[in-house]
Amino acid sequence: MADFSHFGGGDEENAEIRKLTAEVEADTDNFESWEKLIRACEAQEGGLNRNSSPQALAALRDVYDRFLLKFPLMFGYWKKYADLEFNISGPESAEMIYERGCASITNCVDLWASYCSFKMETTHTPHLVRELFERAATCVGLDFLAHPFWDKYLEYEERQEAHDKIFAILQRVIHIPMHQYARYFERFRQLAHNRPLSELASAEELARFRAEVDAEAAAYGGMPRQELEVEREIRGRIDTMYCETFRRTQEETTKRWTYESEIKRPYFHVTELEHSQMSNWRKYLDFEEAEGDIARIIFLYERCLVSCALYDEFWFRYAQWMSSQEGKEEEVRHIYMRAATLFVPVSRPGIRLQFAYFEEAYGRVDVARDIHEAILIQLPDCVEAIVSWANLQRRQSGLDAAIEVYKAQIDAPQVDIFTKAVLVTQWAYLLWKIKGSVDEARAVFAKNVQWYADSRHFWQKWLEFELEQPTNAQLEAQHGERVKHIFDELRSKSRISAGAKKGLFLIYIAYLQERGDKDAMKQLLVVDREIYGPASTCSLSKPALKENGATRPPLDEITLQKAESNYSRYYEYIAEPDAAAQGTASFN
């Protein structure tokens, strides 16, 4: 951070910048706060120029650098920053900003066109300007709306009066499906009349056309033709060849027009993208993948990930497609790194976990562990990441290593009670499913019920665990006692909402009906009366529960719904802890 206490401006100006800086630091995702801070820094000392104080200039650069580190796809701000540097420090500083910007958003037609225009005006060495144009052509030449760039390239060569290079550029462009393809073809065709044959076709094509012309002349038994007449015939065939090129380009352009016309926001912004826009990108990617041109597929993915940078769905898809190509390990790694470190919010950790799986698959287990740790620094209550980390340890170091992960996280003070409840059940299921020890798993549930009785997830998993145990005629009575014990504990110890309890007791009623003994209906009627009966008989109607001599109200439905939301595809779990309920699992 720049030192705002030494600005050349007044105290009021400094105070405003400090205030806006605090707002940005409090919420770095707030785009409007960043905009206000940038405007305030630009307005220092009545507007910055090359004579402004070093402190004010440092503050401006610091804000731009931090903003563009946070939002690297904001191409307009890269251009604005470059213009400011040009006015303050000259062309070399501006060029450095353009280089940083084009490295951050490599497929932005507008930014590359601005950079090339800047280079045209400030550099008088043609080969350096052409090198930049060629770099830009590699990055944005295939864009459906690349005409501003190609127009700028043609404009430069016109200034140089390099007609051969103008023709060569047009010869490349007429093969690219783009918005203004017809305009370039017409210009190419006009110039082609005055270009030598050697520029119009390859040596092999010219030899083939000449052989065809000679063969036709011989077939009709005519006199040998003059060279001008032969050339005219060859030019006619070349023109036919390029008309076929035009037809193919037109056809390819028409195929893409449907998708391109639906793209309403081709640039990045922090505001939510409409569902119809994302659907269009999905269909466009499906189309381009079916076409099979790898260069065009990659280019379209890169375009899509400007508009859809904040949506991990498209990063997943890009990585999956790239991994299907031979020898693309580094490219896939780069996709994951960009998604995880720059664009997808950590609040959606799925792409980071997929990155960890990728690194583990390629033998970089330490990197996979580091990714999990990094997620938990930001999201200490992320069940998804903790479970994934424990499973990583199980795969690489054995069951005990996985259990140690769960124990460490359950003991961690920053992890809330409802998250710990989920981790306890995962620990028990490891002992049951992996180690095959039902007794140890059952002991984990029994010993920890005192801590996690307020977690619906804990009760549901404990119940599922017992219901899935195999039984026979001799063990069924014992099995029934264990299931009944869970519901007795649920009724006496848990403060989950009445609605949640009723849902769980429905399972018990079904169990009594389907697997109960000859006295099961007596127990069913008791449950029906005490759980589903009127207020005078329902034990759930009591307004408070006593614990340690103090009366506490039951947790309300909304609190529990917030605390225990549904899992995502990776068992994503978001919890808001109950400040009154804290505890630690028992390991003994």
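The values are calculated or read from the model by the stated rules, or taken from the named source; none is laboratory data. Treat the numbers as computed from the prediction; the structure is a model and nothing was measured. Here the Cβ is made from the backbone with ideal geometry for all residues, glycine too, and neighbour counts use every protein chain on show.
Mind checking whether some residue in segment 86-98 is within 28 Å of Pro345 (Cβ to Cβ), surrounded by 13 or more Cβ atoms within 10 Å (Cβ to Cβ) and among the β-branched types (Val, Ile, Thr)? So far as segment 86-98 goes, yes, one or more of its residues are within 28 Å of Pro345 (Cβ to Cβ), surrounded by 13 or more Cβ atoms within 10 Å (Cβ to Cβ) and among the β-branched types (Val, Ile, Thr).
Residues being in contact with a Ser or Thr (Cβ under 9 Å, 6 or more places away or on another chain) and either under 16 Å from Gln460 (Cβ atoms) or without any contact (Cβ under 8 Å) to a residue 12 or more places away in the chain (or both) are entirely absent from segment 506-524. Here the helices (runs of 4 or more DSSP H) wholly within segment 462-566 that include at least 3 residues being modelled with pLDDT of 90 or more and either over 19 Å from Asn448 (Cβ atoms) or within 47 Å of the chain's Cα centre (by Cα) (or both) are 476-493, 498-515, 520-532. Has segment 11-29 got at least one residue that is in a helix (DSSP H, G or I) and closer than 26 Å to Val306 by Cβ? The answer is yes; a qualifying residue exists.
Scanning segment 41-54 for residues that are in a helix (DSSP H, G or I) and more than 37 Å from the chain's Cα centre (by Cα) turns up Glu45, Gly46, Pro54. The residues of segment 248-267 that are crowded, with 17+ Cβ neighbours inside 10 Å and more than 25 Å from the chain's Cα centre (by Cα), listed by number, are Thr249, Glu252, Thr253. His124 satisfies every condition listed in (1) more than 30 Å from Val24 (Cα to Cα); (2) under 25 Å from the mean Cα position of the chain (by Cα); (3) in a loop (DSSP other than H, G, I, E, B) except (2).
If you scan segment 101-118, which residues turn out to be of a type outside the set (Ser, Thr, Tyr) and in a helix (DSSP H, G or I)?
Once the filter is applied, which keeps residues that are of a type outside the set (Ser, Thr, Tyr) and in a helix (DSSP H, G or I), segment 101-118 yields Gly101, Cys102, Ala103, Val109, Asp110, Leu111, Trp112, Ala113, Cys116, Phe118.
Within the option set Glu157, Glu99, Glu131, being over 25 Å from Cys304 (Cβ atoms) and out of contact with any helix residue (DSSP H, G or I) (no Cβ under 7 Å at 6 or more places or on another chain) holds for one residue only, Glu131.
State whether one or more residues within segment 421-431 are closer than 19 Å to Trp389 by Cβ and loosely packed, with under 15 Cβ neighbours inside 10 Å. No, there is no match, as no residue in segment 421-431 is closer than 19 Å to Trp389 by Cβ and loosely packed, with under 15 Cβ neighbours inside 10 Å.
Sub-8 Å Cβ pairs linking a first residue in segment 300-320 that is more than 12 Å from Ile351 (Cβ to Cβ) and small (Gly, Ala, Ser) to a second residue that is at pLDDT below 95 and crowded, with 23+ Cβ neighbours inside 10 Å, at least 6 apart or interchain, number zero. Of the residues making up segment 64-100, those that are assigned to a loop (DSSP other than H, G, I, E, B) and either in contact with a Ser or Thr (Cβ under 8 Å, 6 or more places away or on another chain) or without any contact (Cβ under 8 Å) to a residue 24 or more places away in the chain (or both) are Pro72, Leu73, Gly90.
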